[in-house]
Amino acid sequence: MKQIKAISVFILCSVLLAGCEREIMEWEERPEDQKVTTAELPLQLAEKIERYAPLKTYADYVVGVGLGMDLYMNDEVYRNIVNENFDEVTVGYAMKHGAMVNAQGEINFAPVDAFISATNEAGLDVYGHTLVWHANQNASYLNSLIAPTVIPGSSGANALDISGLQDGSFTGWSRNNPGDGITVVEGEGLGDNAKAIKLVAGSGAANPWDLQLATPQVPVVEGHEYEVSFYIRSDKPGKGRVSFSGFENGYPWKDWYGTGGEGAEAFETTSQWQQVKFVVNEYTGTSFGMSLDLGYIPGVTYYIDVDSFNVVDLDAEAEVVNLISNSNFDTGTLDPWTGYGNESTRTVSAEGEGYGNSGYAMVLTNPTEAELYNAQQVYTLDEPLEEGTEYTVSFYIKANIPATIQFQLQNPDYAADYSGGIQVGTNWQQVVRTITPTTADRNKLVFDFGQTATTFYIDDVVLTSGEVAAGSPPVIIEMSDEEKAEVIGGAMEHWITEMVTRYTDEVTAWDVVNEPMKEGGSLRDGNVTDPASDDFYWQKYLGKDYAVTAFKLAREHAEPSDVLFINDYNLEASMAKLDGLIDYVNYIESQGAQVDGIGTQMHVSLNTNRENIVEMFKKLAATGKLIKISELDVRLGTANPTVDQMADQAEMYEFILDSFREHVPASQQYGVTIWGISDNPKEHEFWLPDESPNLWNGDYERKHAYKGVADGLAGRDVSEDFTGELQY
């Protein structure tokens, strides 16, 4: 067969010298692993197909092609085929939201600008694909617009006593000038049901101290810096300051970075929560106090989130997370510690007998010498420790006489990891050991103290992985459905407006809404369990009218003569889906938008039901809309088709185009777009890999399908009047 192919090329080149010279110059040898092998067409058929004119010459409507923008710009053979055969091009990916919008929401027009410039030069129209779709979106950016607001908690333990706010008693707080009221209210703070201080400036307020709330005194450590922070909002634009007691200057106006301007006396407030945050170190004694002065503007109501009001010692030593709850026994009990063995006893010391002669200690007495494990004291953890993680165990200990003790990490079946013997003296000493659980079921810390007949005093027991104790947790605020709709609606408006406005002179037809329907004929709602990383369903936030808005926006910014389409797939396979789409078009127009055309993609196979194809065209024609076959290809299920399969493929292409012409009135025939150029693998990395759906083979040679499409466009067998002699 390879020999026959060589002869065929020789004969054709002898007769059609100019054309074959062009083919030879443009053809390049592909590596064997990139070739898509197909059965050779019979010589006579191959010669017939070679004599066909470019596809666009056979149609009275638009003949388009779906293509890869990079291939068009960088592959001369590919580009020449497109320029020669088609009126219109549809970019498969590069004009979509996901390709053009970056993480900041900025649109990169440069690649598409260059492409449109090249197609203009070639005399090609560009079909805009696509404005609103659920796939191929920059979903990360869009989701970031409606992500919950995470308000950080304090960076450490709160040195300010807010208990009088939490219970509403204002214990320790002073309402020096309550204006028209200073109260604690439910549900007005950050987060669900959070509490806020509500402060209302009276109608006569004119000075900052006309509405004033003073805090309790905050104890301080000399030389340390303290971070003050709280979240505040107001029902209308407001203004406030913080004044101090315990400072050399009680009114050291802070720099309210970005709120009131550097060096400003006061910060400004709005209806949105904002954080007031600053650092102080001007105190002169062992404590300081603060006053919130909010009386600048009459009639303003302020809300300060209670739990966000924090004063944090920035120089305090970090506290680690201790997995032992009753670690210093200052509760006066041993709960939840338990123990047994060798008639040992356990109790809590008198107050003042703990480490440092303060507080309490755990007292363990072993009356007679035995094995270490014969007397035990046990603390059961809330959760098992992590296998393989290094933990630190520390405690203070002393005994009446020199003695030995050990600890172990134990599981419910008494298997354990051991510290080894620890020598204990008669003066307080700190023991620090690291230990790593060898299994994931260690859930008890156990002291073994049965070896020496003595009494042990133990205090400040710490079991930690080294995790540092945090301050207050963050507050997470979800947007309301109304807020999400407003934000996403704004993003869609920006995208459509920018795209249509920029290309209003170059793009005269747009795929405005793509694939809105589910297979059963209902509208997609975006409630999917496992969306792809680039899936974003506009309709999930904007509802059924998202397409109404999209068409209105496109029409507003397009030229009056531009054609606006809605487009979907599997319409030939599901009459229910087709009916649902037509109903949706009717709904869109009932809401005041205009839909000019309906696109049916038609990604079909040889087994696609032909009666359904005819019925689809009839139903589409009945809408009175322009009809476009928008993404036509015929798959064969193989990358290596036989001669018979290629003939069947050609016949299916021809049947579809014949049916389109027969059942859709000429006035409604917008055109057809063939989805892809060739069977070359580089065109099928993401779409129909290991397939052969197109009109040119992997070496950019016309297939039998080329003849089927040309004959379907022409409405006749173009080659029937070819003579036996080749013409040139």
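The values are calculated or read from the model by the stated rules, or taken from the named source; none is laboratory data. The structure displayed is predicted, hence computed values, not measured ones. A quick note on method: Cβ atoms are made from the backbone with ideal geometry, for glycine too, and the neighbour counts reach across all protein chains shown.
Tabulated values for the structure
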read-out: Subset of region 186-205 that is in contact with a Phe, Trp or Tyr (Cβ under 8 Å, 6 or more places away or on another chain) and of a type outside the set (D, E, K, R) - its residue that is surrounded by the fewest Cβ atoms within 10 Å (Cβ to Cβ); value: VAL200
read-out: Any hit, region 178-195, residues being charged (D, E, K, R), within 41 Å of the chain's Cα centre (by Cα), modelled with pLDDT under 95 and part of a strand (DSSP E or B); value: no
read-out: LYS625 vs. criteria charged (D, E, K, R) and in contact with a helix residue (DSSP H, G or I) (Cβ under 6 Å, 6 or more places away or on another chain); value: no
read-out: Hits in region 613-644 - residues which are among the β-branched types (Val, Ile, Thr) and either under 37 Å from the mean Cα position of the chain (by Cα) or more than 21 Å from VAL512 (Cβ to Cβ) (or both); value: ILE613, VAL614, ILE627, ILE629, VAL634, THR638, THR642, VAL643
read-out: Test set (1) surrounded by fewer than 23 Cβ atoms within 10 Å (Cβ to Cβ); (2) at pLDDT 95 or above; (3) touching a Lys or Arg at 6+ places or on another chain (Cβ under 9 Å); (4) not acidic (Asp, Glu) - LEU45 fails condition number; value: (2)
read-out: Pair list, Cβ < 6 Å and 6+ apart or interchain, from region 659-682 residues that are more than 16 Å from ASP60 (Cβ to Cβ) and part of a strand (DSSP E or B) to residues that are modelled with pLDDT of 95 or more and of a type in the set (Asp, Glu); value: TRP675/GLU631; TRP675/ASP633
read-out: Boolean, VAL718 is closer than 22 Å to TYR61 by Cα and crowded, with 23+ Cβ neighbours inside 10 Å; value: no
read-out: Filtered residues of region 525-539 (kept if touching a residue at least 12 places away in the same chain (Cβ under 8 Å) and hydroxyl-bearing (Ser, Thr, Tyr)); value: SER533, TYR537
read-out: Test for ILE477: is it among the hydrophobic types (A, V, I, L, M, F, W, C), out of contact with any strand residue (DSSP E or B) (no Cβ under 9 Å at 6 or more places or on another chain) and farther than 30 Å from ASN120 by Cβ; value: no
read-out: Which listed residue, of ALA705, ALA666, is surrounded by fewer than 15 Cβ atoms within 10 Å (Cβ to Cβ) and modelled with pLDDT of 95 or more; value: ALA666
read-out: Residue match in region 677-684 (condition: modelled with pLDDT of 95 or more, more than 16 Å from PRO641 (Cα to Cα) and touching an Asp or Glu at 6+ places or on another chain (Cβ under 7 Å)); value: yes
read-out: 2 or more residues within 20 Å of ASP460 (Cα to Cα) and out of contact with any helix residue (DSSP H, G or I) (no Cβ under 8 Å at 6 or more places or on another chain): qualifying strands (runs of 3 or more DSSP E) within region 387-445; value: 391-399, 403-410, 422-424, 429-435
read-out: Qualifying residue in region 329-338 (condition: in contact (Cβ under 8 Å) with a residue 40 or more places away in the chain, on the phi > 0 side of the Ramachandran plot, outside the structural domain of GLN451 (by TED's automatic domain parsing) and assigned to a loop (DSSP other than H, G, I, E, B)); value: yes
read-out: Among the candidates TYR303, TYR283, residue that is within 39 Å of the chain's Cα centre (by Cα) and either charged (D, E, K, R) or buried (at least 16 other Cβ atoms within 10 Å of the Cβ) (or both); value: TYR303
read-out: Tabulated pairs, region 37-49, first in the same structural domain as ASP699 (by TED's automatic domain parsing) and more than 14 Å from ASP721 (Cα to Cα), second assigned to a helix (DSSP H, G or I) and modelled with pLDDT of 90 or more, C-beta under 6 angstrom, 6+ apart or interchain; value: ALA39/VAL643
read-out: Selected residue (criterion: farthest from the chain's Cα centre (by Cα)) from residues of region 683-708 that are small (Gly, Ala, Ser) and assigned to a loop (DSSP other than H, G, I, E, B); value: GLY698
read-out: Some residue of region 609-631 being β-branched (Val, Ile, Thr) and more than 30 Å from HIS557 (Cα to Cα); value: yes
read-out: Residue that is modelled with the highest pLDDT, among those in region 584-641 that are surrounded by 14 or more Cβ atoms within 10 Å (Cβ to Cβ) and at positive phi; value: MET602
read-out: Residue match in region 336-345 (condition: among the hydrophobic types (A, V, I, L, M, F, W, C) and either more than 27 Å from PHE447 (Cβ to Cβ) or at pLDDT below 95 (or both)); value: no
read-out: Test: residue in region 538-559 that is more than 31 Å from the chain's Cα centre (by Cα), surrounded by fewer than 20 Cβ atoms within 10 Å (Cβ to Cβ) and over 20 Å from LEU145 (Cα atoms); value: yes
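Table: residues versus (1) in contact with a Lys or Arg (Cβ under 8 Å, 6 or more places away or on another chain); (2) part of a loop (DSSP other than H, G, I, E, B); (3) in contact (Cβ under 8 Å) with a residue 60 or more places away in the chain; (4) polar (S, T, N, Q).
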site	(1), (2), (3), (4)
GLY64	no, no, yes, no
ASP70	no, no, no, no
MET73	yes, no, no, no
ASN80	no, no, no, yes
ASN83	no, no, no, yes
THR90	no, no, yes, yes
